[in-house]
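Right, I'll just put the structure down here and ask away after.
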């Protein structure tokens, strides 16, 4: 199944209790595509970069089988940049600077009919941009997955609600689920959100795993306890990439297969946090992924009599 990822490519300046990393390549599209590339070799990225973005990195993405021809390069502007500092618990962070740069003018044009994705992944972008991409699809993808955040709920709720009517899967964290639904109970929140349009809801809970909701069904995927967590930046996007990558590989869009895909997303996210930025994702191999998948299987298996 073909995947189209629409999202950001960026430079991140990151500080955690374990060190600093400056101008490391980040962005939602980067993490999603890299993660998915371990399961699929048919991935297109639509994004925007400035004249400061390294061609060598685009070449690395291409070596992973990711088509970068849909990445627009603006000659006289700089790339999107984010600076953040994580607290000791690694679950909370302070945004110190956000420089939109080329992202201010991002108006993706999905004109290449060869994209024709089976799975469309809309990274965390302005809801008006996400809606524009949806309307440009000549043929509706078999699966549309959307990521968003509380900022858009504060500033563009009406447009976001319109976007939600046209998607299949929404991925948000527990805080965002409560804000969007107005309910504290995540079970009640899921019912409210599913009434807004999505068929499936994934609520990410960081080091506490993720929940999948569909109709009256619920599935919980744990997070793997890790000895060291260096940088959680991009973990949610990496999770989404593993999720859609597995679905593309397996070609089955059922609730049971979504459960397996959720575990694969958790596997990929567990690697992401082990190093700054996407560095760990660049060094992975299939054996490591399979071994960690078995670790996930081991921690959830039990006997019942």
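The values are calculated or read from the model by the stated rules, or taken from the named source; none is laboratory data. Remember, predicted model here, so these are calculated numbers, not experimental data. As a convention, Cβ positions derive from the backbone with ideal geometry for all residues, glycine included, and neighbour counts pool all protein chains shown.
Is there a residue being assigned to a helix (DSSP H, G or I) and under 25 Å from residue 180 (Cα atoms) anywhere in the range 135-148?
Yes: the range 135-148 contains one or more residues that are assigned to a helix (DSSP H, G or I) and under 25 Å from residue 180 (Cα atoms).
Listed here are the residues, each with its yes/no results for (1) in contact with a strand residue (DSSP E or B) (Cβ under 8 Å, 6 or more places away or on another chain); (2) over 30 Å from residue 298 (Cβ atoms); (3) surrounded by fewer than 19 Cβ atoms within 10 Å (Cβ to Cβ).
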residue: 161; (1), (2), (3): no, yes, yes
residue: 182; (1), (2), (3): no, yes, yes
residue: 192; (1), (2), (3): no, yes, yes
residue: 195; (1), (2), (3): no, yes, yes
residue: 205; (1), (2), (3): yes, no, yes
residue: 210; (1), (2), (3): yes, no, no
residue: 215; (1), (2), (3): no, no, yes
residue: 218; (1), (2), (3): yes, no, yes
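Got a sec? Which of 168, 147 is surrounded by 15 or more Cβ atoms within 10 Å (Cβ to Cβ), under 21 Å from residue 262 (Cβ atoms) and free of Cβ contacts under 8 Å to residues at least 40 places away in the same chain?
168
Listed residues 28, 10; which is closer than 28 Å to residue 267 by Cβ, crowded, with 24+ Cβ neighbours inside 10 Å and touching a helix residue (DSSP H, G or I) at 6+ places or on another chain (Cβ under 6 Å)?
Unique residue meeting the criteria: 28.
Only one residue in 278, 222 is touching a helix residue (DSSP H, G or I) at 6+ places or on another chain (Cβ under 8 Å) and surrounded by fewer than 22 Cβ atoms within 10 Å (Cβ to Cβ). Which one?
Selected residue: 222, the only one of 278, 222 that is touching a helix residue (DSSP H, G or I) at 6+ places or on another chain (Cβ under 8 Å) and surrounded by fewer than 22 Cβ atoms within 10 Å (Cβ to Cβ).
Could you list all residues from the range 48-89 that are touching a helix residue (DSSP H, G or I) at 6+ places or on another chain (Cβ under 6 Å) and either over 16 Å from residue 12 (Cα atoms) or in a helix (DSSP H, G or I) (or both)?
66, 68, 74, 77
Each row is one residue, and each column tells you yes or no for (1) over 25 Å from residue 271 (Cβ atoms); (2) in contact (Cβ under 8 Å) with a residue 12 or more places away in the chain; (3) part of a helix (DSSP H, G or I).
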residue: 175; (1), (2), (3): no, yes, yes
residue: 179; (1), (2), (3): yes, yes, yes
residue: 202; (1), (2), (3): no, yes, no
residue: 207; (1), (2), (3): no, yes, yes
residue: 213; (1), (2), (3): yes, yes, no
residue: 220; (1), (2), (3): no, no, no
residue: 223; (1), (2), (3): no, yes, no
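Under 7 Å between Cβ atoms, which residue pairs at least 6 apart in sequence (or on different chains) link something in the range 251-279 that is without any contact (Cβ under 8 Å) to a residue 40 or more places away in the chain with a partner that is not in a helix (DSSP H, G or I)?
Filtered contacts from the range 251-279: 271/284.
What pairs come up if the first residue lies in the range 231-242 and is on the phi > 0 side of the Ramachandran plot and touching a residue at least 12 places away in the same chain (Cβ under 8 Å), the second is buried (at least 24 other Cβ atoms within 10 Å of the Cβ) and part of a helix (DSSP H, G or I), and their beta carbons are under 6 Å apart, counting only those six or more places apart or on different chains?
234/31; 234/272
Continuing with this model, one more query. Filter the range 96-119 for residues that are at pLDDT 90 or above and part of a loop (DSSP other than H, G, I, E, B); which is farthest from residue 23 (Cα to Cα)?
118
Can you tell me which residue in the range 18-47 is nearest to residue 102 (Cα to Cα), limited to those that are in a loop (DSSP other than H, G, I, E, B) and touching a strand residue (DSSP E or B) at 6+ places or on another chain (Cβ under 7 Å)?
27
Which residue, of 239, 276, is closer than 23 Å to residue 21 by Cβ and not in a helix (DSSP H, G or I)?
276
Then there is this: Out of 104, 22, report the one residue that is more than 27 Å from residue 274 (Cα to Cα), surrounded by fewer than 16 Cβ atoms within 10 Å (Cβ to Cβ) and without any contact (Cβ under 8 Å) to a residue 24 or more places away in the chain. Before you say what the answer is, go through the steps one by one.
Numbers: 22 fails: more than 27 Å from residue 274 (Cα to Cα).
Result of the check over 104, 22: 104.
Can you confirm whether residue 91 is within 27 Å of residue 21 (Cα to Cα) and either free of Cβ contacts under 8 Å to residues at least 24 places away in the same chain or surrounded by fewer than 16 Cβ atoms within 10 Å (Cβ to Cβ) (or both)?
yes
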